[in-house]
Amino acid sequence: MKILAIETSCDETAISILKASGSIEKPNFKPLADLVLSQIDIHSQYGGVFPALAKREHAKNIIPLIKEALKKANLSSKKITVTESLKKDFDEIFTHEEELTKKTLDFLEKAGTPDIDIIAVTYGPGLEPALWVGINTAKALSKAWNKPVVAVNHLEGHIASVLFNKQQNEEKNQPKLPTLALVISGGHTELIGIEKWGEYKFLGGTVDDAVGEAYDKVARMLDLPYPGGPPLSKLAHKARDSKKENPFTFPRPMQNSGDLNLSFSGLKTAVLYTVKKQTDISKEQKTFIASAFEDAVADVLTLKTKKAIKKYNYQSLIVCGGVSANNFLRNRFQDLAEKINLPLFIPDINLSTDNAFMISLAGFLNIKANSSNVLKDQEKIVKLKAEGNLRLG
Ligand code: KG4
Ligand code: ZN
């Protein structure tokens, strides 16, 4: 089957086309297109993501990106006749946003109906105005092409990102069940237990800031640009490279809480006090603060992960989400996995941060896990809603 996936939950407009066959345990994946258009340059001047601005950018870029993805995938297509009734349906779907209706109709007249089988779209969690752009586009295309839709939870997308691995491709073993997934991103820090694909159990998570959010905020304290994860980890790397002893140390919040919850707000405040205490903070001091922050993050993340594995006797570990692009954390989880002799699955770096390829993988997972996840009926498809606070498990 060929899956066209749409992801617009935050500040990346992303489209992918995946050819998938086989089972979840033994899948065969062939990526046909994988495009990510980041809005980071637009949002970074404000130090964070503005929902209305994100929506505007998604609306501007989504159809051109779909066009480009179809061109890349080089799929055959059948002609479409745009009828008055389709125009009317589009008006309703796009809630009379004329620009999107017109753009989509123009696109359809040229592109026709491509040889895809299903549309996967992220419906939450995320910024609702941004999510709506992807959902409405999926609805319109589903109507015009007469294709079913599978609605995907963004967090399940992050988890599914490990099902594909460029180096080993199909021959790679898939995570053995039951598996534990640690999702670490800009909006989430969650431990999720998976007994069976498609069934998730929330075991614990942050009680305040997400770990990516903490990275972004601490980065700002150190005068680094948004998003702060990559520049902060670069800085920390310098401190480690210097081989000098780190004069700073930060608390490990909730390490003895007895449950599987985490907290990053206190750690962030501890960094803030330390930064404020320095008069004329030097470049070197900043590198040590960054490194001490990463040490604390890695300690609490690995500690709670280990605890969850022990408690539920998981057979493998998945670490995913934007923050899993971090090399220091990757190494720390590698060490943990070796120590407790557990297979570890971390996505390829370019699949760690938001993308649509992971949404097509999660779409495949959903289709295989339960056929009722495939929405064929237009009556059901039009009811699909953006769910900003959607949970997993
Ligand atoms: O998964 P993602 O792309 O978007 C959300 O779903 O939130 O995650 C974005 C988050 C940001 O907070 C960003 O600073 C963080 O992931 N991030 C990193 C790294 N790359 C991205 N954090 C630490 N180290 C990195 N290398
Ligand atoms: Zn994400």
| remark: For the pair Ser265 and Asn28, the simple spin-label estimate (label points 7 Å beyond Cα toward Cβ) gives in nm 5.1
| Backbone HN-Hα couplings from phi across segment 146-161 [Karplus 6.51/-1.76/1.60, Hz, Gly and Pro as x] | 6, 10, x, 10, 10, 8, 10, 7, 3, 5, 5, x, 4, 5, 5, 4
| note | Rounded to the nearest 10 degrees, the helix 84-93 long axis (Cα) sits at an angle to the longest Cα principal axis of the chain of 20
| query | Sorting Ser360, Ser372, Ser242, Ser38 on the 10 Å Cβ count, fewest up front, what's the list? | reply | Ser372, Ser242, Ser38, Ser360
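Quick one: Phe264, Phe345, fewest Cβ neighbours within 10 Å first, how do they rank?
Phe345, Phe264
Looking at the chain only, what percent of DSSP beta bridges run antiparallel? Nearest 5 please. Walk me through the numbers on the way to the answer.
Values: 33 of 50 bridges.
The answer is about 65 percent antiparallel.
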| remark: Most exposed first, judged by fewest Cβ atoms within 10 angstrom, His158, His237, His96 run His96, His237, His158
| note | For segment 360-371, Karplus-derived ³J(HN,Hα) couplings (6.51, -1.76, 1.60; θ = phi - 60°; whole Hz; x for glycine and proline) come out as 5, 5, 5, x, 4, 4, 5, 4, 6, 5, 7, 5
| note | Contact order relative to length for the chain, counting C-alpha pairs under 8 Å separated by 6 or more residues, stands in percent at 23
| field | GNM top mover of Ser257, Ser21, Ser161 - the chain, alpha-carbon springs below 10 Å | value | Ser257
| message | Could you work out how much longer the chain between Lys306 and Asp91 gets when fully extended? Use 0.36 nm per residue separation minus the Cα distance between them, nm to one decimal. | response | 72.2 nm
| query | Taking the simple approach of a point 7 Å from Cα along Cα-to-Cβ for both Lys244 and Glu84, what is their distance in nm? | reply | 7.7
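Using a simple charge model, +1 on the beta-carbon of Lys and Arg, -1 on the beta-carbon of Asp and Glu, nothing else, what dipole does segment 51-154 show about its Cα centre, in debye to the nearest 20?
On the way: 16 positive and 14 negative charges, 64 e Å.
Dipole about the Cα centre, nearest 20: 300 debye.
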| field | In nm, spacing of pseudo-spin labels at Ala52 and Asp348 (7 Å Cα→C-beta vector) | value | 3.9
| Helix 98-111 versus the longest principal axis of the chain: what angle, 0 to 90°, nearest 10, using Cα atoms? | 70
| Once amide H atoms are built 1.01 Å from N in the peptide plane, which residues 5 or more positions from Asp34, or in another chain, come under 5 Å H to H? | Ile17
| query | Under the Kirkwood approximation applied to all pairs of distinct alpha-carbon atoms, what is the hydrodynamic radius of segment 44-165 in Å? | reply | 15.6
| message | What are the ³J(HN,Hα) couplings of segment 293-299, residue after residue, when phi is run through the Karplus curve with 6.51, -1.76, 1.60 and θ = phi - 60°? Round to Hz, x for glycine and proline. | response | 4, 4, 4, 5, 4, 4, 4
| task | Give the long-range amide H neighbours of Leu262: residues separated by 5 or more places, or on another chain, with amide H under 5 Å away, using H modelled in the peptide plane at 1.01 Å from N. | result | Gly205, Thr206, Val207
| note | Rounded to two decimals, the Debye log10 I(q)/I(0) of the chain (Cα scatterers, no solvent) at q = 0.09, 0.11 Å⁻¹ is -0.54, -0.79
| remark: In segment 254-353, taking the dipole from +1 charges on Lys and Arg beta carbons and -1 charges on Asp and Glu beta carbons about the Cα centre, the listed residue (Ser265, Asn326, Ser316) farthest towards the positive end is Ser265
| query | To the nearest 20 debye, what charge dipole does segment 310-385 have about its Cα centre, counting +1 at the Cβ of each Lys and Arg and -1 at the Cβ of each Asp and Glu? | reply | 280
| field | For the chain, with +1 on Lys and Arg beta carbons and -1 on Asp and Glu, the positive-most of Tyr215, Phe202, Ile40 along the dipole | value | Phe202
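For an R0 of 56 angstrom, estimate the FRET efficiency from the Cβ-Cβ distance between Ser21 and Asn256 and round to the nearest 0.05.
With a Förster radius of 56 Å, E is 0.70.
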| task | Please determine, in degrees from 0 to 90 and to the nearest 10, the orientation of helix 51-73 with respect to the longest principal axis defined by the Cα atoms of the chain, where the helix direction is its Cα long axis. | result | 60
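Each reported figure results from applying straightforward, stated rules to the coordinates on display, with no laboratory input. Just so you know, these numbers come straight off a predicted model, no measurement behind them. No Cβ is skipped: glycine too gets one built from the backbone with ideal geometry, and neighbour counts run over all protein chains shown.
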